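Structure first, commentary second.
The values are calculated or read from the model by the stated rules, or taken from the named source; none is laboratory data. Quick caveat, the model's predicted, so the values are computed rather than measured. Reconstructed Cβ throughout: ideal geometry from the backbone, glycine too, with neighbour counts over all protein chains shown.
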């Protein structure tokens, strides 16, 4: 399934693992890459040693290309340098404008993907040297910068950036979504929610069960709800007791929200978690898992079972091949 993006980063299938903070393991990144896609690791908050340790664990599991995603709300040139020193071939930049990071990553020999929220941010990133653009639609799970749907955003960005490869993100969870993205002019699909049910993730079993039971209307888009640790960052997550109590109270502002400050869970890495913490419930989390932020996109209804990441990649590719002749 060759595309311009596949040629750029030397992969076989136009499927990219969306970087999912708190859910992504080295095993998941490597599994997607070994299956022919591109695995991306979100390494936002660790120091250089943490970054190198994670990257080395991925490298021990795959010889295929993979990438690291860095968050421009928590910019760290030290993290980028650690990636370049380890020879990470692809750097993905998320959430904010990043001309210095684009230039530095390019100078270190990496291919740069910039996540854009509209055509203007996409063109600006290409002008600064980005090799590819991820056009993230409003349907996406987790943190979402823009407010335009994937169907409207992708062709607009494709037209704006010319020959630069575009990856479609938001609501894509099967081969039909990949085929649709390609029809819109994208060179690949950026898929997160479907991979939350992969055996290689580290999310809590209760979270997985909620995903499998959910339908397309069970998510909500929140401007600033699960904001403890990352304020002013709009996001999409499953509706739960926390979101419903907040809605019933009239969507009050921070400081006036129901149960604000109440400790509902804990995790070895972060300790106690209040109801509005920006967190991903993982296998080490204990307490009221249902009340926490369970990120996912509107494609959640297509998450139907737990399976190896490689099987997910191959199923998506096979289904897309039946629809579009590549």
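Among the residues examined, residue 181 qualifies as within 15 Å of residue 139 (Cβ to Cβ), crowded, with 24+ Cβ neighbours inside 10 Å and modelled with pLDDT of 95 or more. Residues of region 234-261 that are in contact with a strand residue (DSSP E or B) (Cβ under 6 Å, 6 or more places away or on another chain) and either in a helix (DSSP H, G or I) or exposed (fewer than 12 other Cβ atoms within 10 Å of the Cβ) (or both): 243, 261.
Residue-level check: of (1) under 24 Å from residue 126 (Cα atoms); (2) touching a helix residue (DSSP H, G or I) at 6+ places or on another chain (Cβ under 8 Å), residue 183 misses just (2).
Could you tell me whether any residue of region 44-54 is over 14 Å from residue 310 (Cβ atoms) and surrounded by 24 or more Cβ atoms within 10 Å (Cβ to Cβ)? Walk me through it before giving the result.
Taking region 44-54 and keeping what is over 14 Å from residue 310 (Cβ atoms), we get 44-54.
Add one more test, that the residue is surrounded by 24 or more Cβ atoms within 10 Å (Cβ to Cβ), and what stays is 51.
Yes: region 44-54 contains one or more residues that are over 14 Å from residue 310 (Cβ atoms) and surrounded by 24 or more Cβ atoms within 10 Å (Cβ to Cβ).
Number of residues in region 184-200 that are crowded, with 24+ Cβ neighbours inside 10 Å and either at pLDDT below 95 or in a loop (DSSP other than H, G, I, E, B) (or both): the value is 2.
Please determine whether any residue of region 146-159 is surrounded by 18 or more Cβ atoms within 10 Å (Cβ to Cβ) and at pLDDT below 95. Yes.
Step by step: first the residues of region 262-289, then only those that are under 25 Å from residue 170 (Cβ atoms) and touching a helix residue (DSSP H, G or I) at 6+ places or on another chain (Cβ under 9 Å), then the one that is surrounded by the most Cβ atoms within 10 Å (Cβ to Cβ). Which residue is that? First the steps, then the outcome.
Just the residues of region 262-289 that are under 25 Å from residue 170 (Cβ atoms), to begin with: 276-282.
From the residues that got through so far, the ones that are touching a helix residue (DSSP H, G or I) at 6+ places or on another chain (Cβ under 9 Å) too are 276, 280-282.
Details: 276: 25, 280: 23, 281: 29, 282: 18.
Here the residue is 281.
On inspection, residue 75 passes the criterion of being within 19 Å of residue 115 (Cβ to Cβ), touching a residue at least 24 places away in the same chain (Cβ under 8 Å) and surrounded by fewer than 24 Cβ atoms within 10 Å (Cβ to Cβ).
On the stretch given as region 111-124, residues that are surrounded by 23 or more Cβ atoms within 10 Å (Cβ to Cβ) and in contact (Cβ under 8 Å) with a residue 24 or more places away in the chain total 4.
Residues in region 63-81 that are under 20 Å from residue 167 (Cβ atoms) and part of a loop (DSSP other than H, G, I, E, B): 3 in all. For residue 225, are the conditions met, namely being part of a strand (DSSP E or B), more than 18 Å from the chain's Cα centre (by Cα) and at pLDDT 95 or above? The answer is no for residue 225. Of everything in region 84-104, what is without any contact (Cβ under 8 Å) to a residue 40 or more places away in the chain and in contact with a strand residue (DSSP E or B) (Cβ under 6 Å, 6 or more places away or on another chain)? Give them in sequence order. The answer is 88, 91, 93, 101, 102. Taking the criterion of being closer than 14 Å to residue 312 by Cα and either in a loop (DSSP other than H, G, I, E, B) or touching a residue at least 40 places away in the same chain (Cβ under 8 Å) (or both), the residues of region 31-44 that qualify are 31, 32, 34, 35, 36, 37, 38.
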